[in-house]
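Remarks on the structure that follows.
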């Protein structure tokens, strides 16, 4: 049972959050022709999901790091950091990546995902509280 509990150790969660951040950064910065074309709503759903998970894994890391507590201010800072990350990615897509363009609606979808991630975290955090 110990290996499963180690998955919720702060060091493991930090590694998970960093790996996730690198993977999604690479995915967002792949040149446009390497990405399969999708319908517009599916793209926004993907942005919502990616940012919901991004906020959730960082919130879970700080929650476990701080002995199963997370203040509203800390969650707000995580949300702002995730939002700024989304802006940076959009700017990089527009300026550095061939066949990719920034989209204001991506930022809206990212914001919805961040809010969704915060709601899911608050609803689910009690499942992680007793895990050490």
For this session: Just give me the residues in segment 120-132 being within 18 Å of residue 80 (Cβ to Cβ) and loosely packed, with under 12 Cβ neighbours inside 10 Å, in sequence order.
Result: none
Exercise. Which of (1) assigned to a loop (DSSP other than H, G, I, E, B); (2) at pLDDT below 60 is the odd one out, the single condition residue 5 does not satisfy?
Worked result: (1)
Seminar exercise, completed: Just one listed residue, out of 78, 89, is touching a helix residue (DSSP H, G or I) at 6+ places or on another chain (Cβ under 9 Å), modelled with pLDDT of 90 or more and either farther than 29 Å from residue 126 by Cβ or loosely packed, with under 11 Cβ neighbours inside 10 Å (or both), and it is 89
Seminar exercise, completed: Given the conditions (1) modelled with pLDDT under 90; (2) more than 24 Å from residue 12 (Cβ to Cβ), every one holds for residue 132 apart from (2)
Exercise. Of the numbered conditions (1) more than 18 Å from residue 86 (Cβ to Cβ); (2) at pLDDT below 85, residue 10 satisfies every one except a single condition; which is it?
Worked result: (2)
For this session: Output the residues belonging to segment 92-113 that are assigned to a helix (DSSP H, G or I), closer than 20 Å to residue 31 by Cβ and in contact with a helix residue (DSSP H, G or I) (Cβ under 7 Å, 6 or more places away or on another chain).
Result: 93, 106
Exercise. Where residues in segment 13-39 are modelled with pLDDT under 65 and assigned to a helix (DSSP H, G or I), which of them is farthest from residue 67 (Cα to Cα)?
Worked result: 33
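To keep it simple, each residue is scored yes or no on (1) in a helix (DSSP H, G or I); (2) more than 22 Å from residue 25 (Cβ to Cβ); (3) touching a residue at least 24 places away in the same chain (Cβ under 8 Å).
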site	(1), (2), (3)
41	yes, yes, no
52	yes, no, yes
57	yes, no, yes
63	yes, yes, yes
74	yes, yes, no
79	yes, no, yes
83	yes, no, yes
86	yes, no, yes
116	yes, no, yes
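The values are calculated or read from the model by the stated rules, or taken from the named source; none is laboratory data. Predicted model only: the values in this text are computed from it and were never measured. Please note: Cβ atoms are built from the backbone with ideal geometry, for glycine as well, and neighbour counts cover all protein chains shown.
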